[in-house]
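Peer 1: One structure, as structure tokens, below. Some questions next.
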């Protein structure tokens, strides 16, 4: 028991950024529900999570390259590309829809893999490589969807953006009014999607040698090399995972909006918000510290701020300003460590 | 020794870096169940030797055999698979991962294809207990550990690979004395288990206590291997030096008493400086000697305001000064200049022009208000290039286009442009050709004659002997011996550097602790 306590204490101490972000999110969420006229209801939770899914996926995508010590400026664009692909393929019979979803995810994954190849074998810095490929992704998206539009199965859209009750009712898997089911019926489907896809992939991945190599490379690439770790494989995997999660975001956006939209501005703002979310979630831009769960929390925090604007009738024009201040304060906390460095030459290394 | 087959054998190994020959036709063998010391001066080729053994470097020529079989290591991992494991000085630890993660970094215990954290933690605990480091929590992050604890983790990491040949490169230099005892015990155990330990150390008493065989290297060559006790300390020192002096030095003025300009008392910082006392006179050249990593670099950095939380007293012209940053250090009243350790990262902005680099530390001297005056700049640049005879096509070429020697001249000229009173030089002739070296020696003497005070750290003993009016030898964060005039000789510096007795005068009281 004592050992368990010590473990917990260590884990909190070693993940201070994540801990602070999580506690902050919980407090903000409680306060939000108290202030909201319909607080603590399934409807509010459904609405909130629905609006968060895409940025959560894009933030998780961004986490992988940042852990390596790089940045992926194409995540928003890959998300947009996947969104447009999905809007063209996600209709018809269930089998056709399933194939459409798989192709959508494969598109993003392949794009991420391409990013990885350019970074590893082209020896180009991630930031500039992905700036270029991001533009290519938007170009392809525009090619598919010159105008916003498309057709996504309406039932699917309804079922995946509501609570479990509606999902079961829509597809008639079992009696949605059954007594055993009612304790779970309120759970929003988007929340489940985030948790199943995010946790289901991230937690095992973190325990693989490739996953740990990503951390090692971000922390000290020379030490990773000297220890004989598979550095190239880790980099390739990181960018591929980024592509996959960005595609998850794009797929969900298509289901949610029943359409695709090759919107360059939107792609750019998703990319920048994903970086903000990753940093808010306690991941270091220098690499090696943090994780996708943190990014999930960071993305929710970022979204939570905008929910406040709605209920507190603050001028929406102030939103960017306040978001900027919050981000600045949050990252300043992380910069306190530099005050402890005794040899100032180290600050530059 | 009656052993039939050496565990590790090198035949005709050579390694060159560009024009520099780091190892030359080396034959070397070591045997199971022995602790084998490798001795040599700075630059004798010891680290190149172990890097080749452990798969970090490829030899230019020659063959390496492990247990009689020819091997060709492409990476440290391959070497570890064949049982050759090197304990690097903190190089192979990832700071943001936990101790257990680091110990089993490249081959963790697995369950269902995923890393089994619990087993990994238990195994790490067992290994740490073996080296009496039960107090290190395997879950702690490496970056939160002190330097000596990190070194112990590095040792645990090496042990986890079940080495047949264990190479310790200065592995004890960062350790507390208690840990050093643990390591001594561990080496004994490993020896009984039939492991061959290669031990690189600058500490003679360590070598004498632990090792059964000694090999001396000099200038990239394997000079001799002998059993412990076969030679005296003096003979070993003679084997380690004994090369011809090939650089010409300007004539030294006769020894005299200098008017004190800089005096340092009881300077302390972290674990690297443990109370340094030193004075520097007007027009005097004082050399800092000793083996690598005894605190010489830290002393220069501390004076130049790079280090935080330095304790002790520094006086310039009898005034207590406090240098909080390089910007303060280069300004009045201290007027320090520091020619840094690594010219490519700390000395120069490589893509910028020669002219920009020359003026970057003294822009205030060539500006009218906030604007840099082109005419003053041109004149100053021309002066700098002329004073040091830097060979340039045009001052507007990138400094990266120059040869190493000319680049170093740019760094020195850059600092002379600030018109310093006290010049701190960190190994200014490292990696440059003999001709340029001689020019730099002449320049240093000329600066001293102008009344500037020079503190010169050099890893080259000839330089200390040829250039300096006085040599202060550092050992373990302190100045242990000061040599003056005729006392400055290779033998006296080397013995002082190794901290073995019978040194002439000026032994500082209590320094042997």
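Bear in mind these aren't lab numbers, they're just calculated from the coordinates by the rules spelled out. Treat the numbers as computed from the prediction; the structure is a model and nothing was measured. With ideal geometry, Cβ positions are generated from the backbone for all residues, glycine too; neighbour counts draw on all protein chains shown.
Peer 1: Whole angstrom only: what separates the Cα centroid of the stretch A:65-88 from the Cα centroid of the stretch B:141-185?
Peer 2: For the stretch A:65-88 versus the stretch B:141-185, the Cα centre distance is 44 Å.
Peer 1: How would B:112, A:173 line up from fewest to most surrounding beta-carbon atoms within 10 angstrom?
Peer 2: Ascending Cβ contact count within 10 Å gives the list B:112, A:173.
Peer 1: Next up: Extending each Cα 7 Å along its Cβ direction at residue B:234 and residue A:26, get the distance between those two points in nm, one decimal.
Peer 2: Taking the simple label geometry, residue B:234 and residue A:26 are separated by 7.5 nm.
Peer 1: Would you mind telling me which residue in A:77, A:224, A:11 has the biggest mean-square fluctuation in a Gaussian network model of chain A, where springs connect alpha carbons within a distance under 10 angstrom?
Peer 2: It is A:11.
Peer 1: Looking only at the stretch B:37-65, which residues have a backbone nitrogen under 16 Å from a spot 7 Å from the Cα of residue A:222 in the C-beta direction?
Peer 2: From the stretch B:37-65, the list is B:47-48, B:51, B:56-57.
Peer 1: Would you mind ranking B:258, B:457 so that the residue whose beta carbon has the fewest other beta carbons within 10 Å leads the list?
Peer 2: B:258, B:457
Peer 1: Please arrange B:82, B:169 by counting, for each residue, the other beta carbons lying within 10 Å of its beta carbon, fewest first.
Peer 2: Lowest count first: B:82, B:169.
Peer 1: Run the simple label-point estimate for residue B:271 and residue B:193 please: 7 Å along Cα→C-beta, distance reported in nm.
Peer 2: For the pair residue B:271/residue B:193, the computed spacing is 2.4 nm.
Peer 1: Calculate the spin-label point distance for residue B:491 paired with residue B:311, positioning each point 7 Å from the Cα along the beta-carbon direction, and give it in nanometres.
Peer 2: Calculated label separation equals 4.0 nm.
Peer 1: I would also like to ask the following. So between residue B:135 and residue B:178, what do we pick up on full extension, going 0.36 nm a residue minus the alpha carbon distance?
Peer 2: 14.1 nm is the gain from fully extending residue B:135 to residue B:178.
Peer 1: Let me have the 222 nm mean residue ellipticity of the protein assembly as shown computed from DSSP H runs of 4+ only, each contributing -39500 (n - 2.57), with the sum over all residues rounded to the nearest 500. All intermediate terms of the calculation are to be shown ahead of the outcome.
Peer 2: Values: 33 runs with 404 residues, N = 862.
It comes out at -14500 deg cm²/dmol, rounded to the nearest 500.
Peer 1: I've got another one for you. Tilt of helix B:177-192 relative to the longest C-alpha principal axis of chain B, in degrees (0 to 90, nearest 10)?
Peer 2: Here the helix axis deviates by roughly 40 degrees.
Peer 1: Now for a different question. In nm, what is the difference between 0.36 nm times the number of residues separating residue A:41 and residue A:103 and their Cα-Cα distance? Show your work: numbers first, answer last.
Peer 2: On the way: separation 62, 0.36 × 62 = 22.32 nm, distance 3.60 nm.
The residue A:41-residue A:103 span can extend by a further 18.7 nm.
Peer 1: Go ahead and set up a Gaussian network model of chain A, Cα springs under 10 Å, then flag whichever of A:16, A:79, A:90 fluctuates most.
Peer 2: With Cα springs under 10 Å in chain A, the top fluctuation among A:16, A:79, A:90 is at A:16.
Peer 1: Continuing with this model, one more query. Relative contact order of the stretch A:57-191, please, whole-number percent, based on alpha carbon pairs below 8 angstrom and at least 6 residues apart.
Peer 2: 25
Peer 1: Taking each residue of A:215-226 in turn, how many C-beta atoms of other protein chains fall within 10 Å of its C-beta, and what is the average?
Peer 2: If you average over the peptide's residues, the count of other-chain Cβ atoms is 6.
Peer 1: Short version: what are the Cα gyration tensor semi-axes of the stretch B:277-397, square root of 5 times each eigenvalue, largest first, in whole Å?
Peer 2: One finds semi-axes of 30, 18, 14 Å for the stretch B:277-397.
Peer 1: Along its three principal axes, how long is the protein assembly as shown when you only count alpha carbons? Whole Å, largest extent first please.
Peer 2: Cα spread of the protein assembly as shown along its principal axes, largest to smallest: 102, 78, 49 Å.
Peer 1: With a Förster radius of 25 Å, plug the Cβ-Cβ distance of residue A:342 and residue A:285 into 1/(1 + (r/R0)^6) and report the FRET value to the nearest 0.05.
Peer 2: 0.65
Peer 1: What ranking, highest mean first, results for peptides B:288-297, A:212-221 when packing means the other Cβ atoms within 10 Å averaged over each residue?
Peer 2: Ranked by mean Cβ neighbours within 10 Å, highest first: A:212-221, B:288-297.
Peer 1: In the Gaussian network model of chain A, springs joining C-alpha atoms below 10 Å, which of A:174, A:202, A:186 carries the largest mean-square fluctuation?
Peer 2: Evaluated over chain A, the most mobile residue of the options is A:174.
Peer 1: Report the calculated FRET efficiency for residue B:259 and residue B:378 (r = Cβ-Cβ distance, R0 = 25 Å), to the nearest 0.05. Write out the running numbers ahead of the final one.
Peer 2: Details: r = 37 Å, r/R0 = 1.48.
Using R0 = 25 Å, I get an efficiency of 0.10.
Peer 1: With N denoting the number of residues in the stretch A:46-330, provide Rg(C-alpha) divided by 2.2 N^0.38 Å, to two decimal places.
Peer 2: 1.01
Peer 1: Considering Cα pairs under 8 angstrom that are at least six residues apart, work out the relative contact order of the stretch B:16-170 and quote it in whole percent. Before the final figure, lay out the partial values.
Peer 2: Numbers: 174 pairs, mean separation 39.4, N = 155.
With pairs under 8 Å counted, the relative contact order is 25 percent.
Peer 1: Mind checking the full-extension length gain between residue A:233 and residue A:33? Use 0.36 nm per residue of separation minus the Cα-Cα distance, one decimal, nm.
Peer 2: Extra length available between residue A:233 and residue A:33 comes to 67.5 nm.
Peer 1: Which whole-number percentage describes the relative contact order of chain B, with Cα contacts under 8 Å and a sequence gap of 6 or more?
Peer 2: The normalised contact order for chain B reaches 15 percent.
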